[in-house]
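Structure first, commentary second.
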Amino acid sequence: MRKPVKKGIIYTCLCNCVTEAEIRQAVRMGHDTLDKIQNFNFATVGPCGGSCLQSVIRIIEDEVNQIRFEPS
Ligand code: FES
């Protein structure tokens with residue numbers, strides 16, 4: 001079921017109302033590949049055909065790199 005669009009929110013995936021913060025949070029929960037993100041919050045698999053794909057990939061890569069280089 002599609003999430004409702006909220007006024008004032010900037011969505012990375014407009015088709016499925018997924019924000020950058022939600023993608024970053026999902027990566028930190030272990031959904032650290034495009035396939036996992038698509039199955040988790042449906043980003044990039046909307047009716048537009050995935051116009052957000054490059055943005056979502058960039059966010060996943062950035063978040064994975066941040067996790068990789070965080071001091072433990
Ligand atoms: S904007 Fe993400 S699939 Fe359409």
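The values are calculated or read from the model by the stated rules, or taken from the named source; none is laboratory data. As the structure is a computational prediction, the values presented were derived from the model and not from experiment. Don't worry about glycine lacking a Cβ; one is built from the backbone with ideal geometry, like all the others, and counts go over all protein chains shown.
Can you confirm whether residue 25 is part of a helix (DSSP H, G or I), at pLDDT 95 or above and over 12 Å from the mean Cα position of the chain (by Cα)? Steps first, please.
On the way: part of a helix (DSSP H, G or I): yes; at pLDDT 95 or above: yes; over 12 Å from the mean Cα position of the chain (by Cα): no.
So residue 25 does not fit the description; no.
Give the residues of segment 34-66 that are part of a loop (DSSP other than H, G, I, E, B) and either of a type in the set (Ser, Thr, Tyr) or crowded, with 16+ Cβ neighbours inside 10 Å (or both), sorted by residue number.
Initially, segment 34-66 is screened for residues part of a loop (DSSP other than H, G, I, E, B), giving 42-52.
Residues satisfying the conditions are 42, 43, 44, 45, 46, 51, 52.
Are any of the residues in segment 2-14 hydroxyl-bearing (Ser, Thr, Tyr) and either out of contact with any Ser or Thr (no Cβ under 6 Å at 6 or more places or on another chain) or surrounded by fewer than 15 Cβ atoms within 10 Å (Cβ to Cβ) (or both)?
Taking segment 2-14 first, the residues hydroxyl-bearing (Ser, Thr, Tyr) are 11-12.
Next, from what is left, pick out any that are either out of contact with any Ser or Thr (no Cβ under 6 Å at 6 or more places or on another chain) or surrounded by fewer than 15 Cβ atoms within 10 Å (Cβ to Cβ) (or both): none.
No, that holds for no residue.
Can you report the number of residues in segment 1-37 which are closer than 20 Å to residue 67 by Cα and either within 14 Å of the ligand (Cβ to nearest atom) or free of Cβ contacts under 8 Å to residues at least 40 places away in the same chain (or both)?
Quick first cut of segment 1-37, residues closer than 20 Å to residue 67 by Cα only: 19-37.
So of that shortlist, the ones also either within 14 Å of the ligand (Cβ to nearest atom) or free of Cβ contacts under 8 Å to residues at least 40 places away in the same chain (or both) come out as 19-26, 28-37.
Qualifying residue count for the region: 18.
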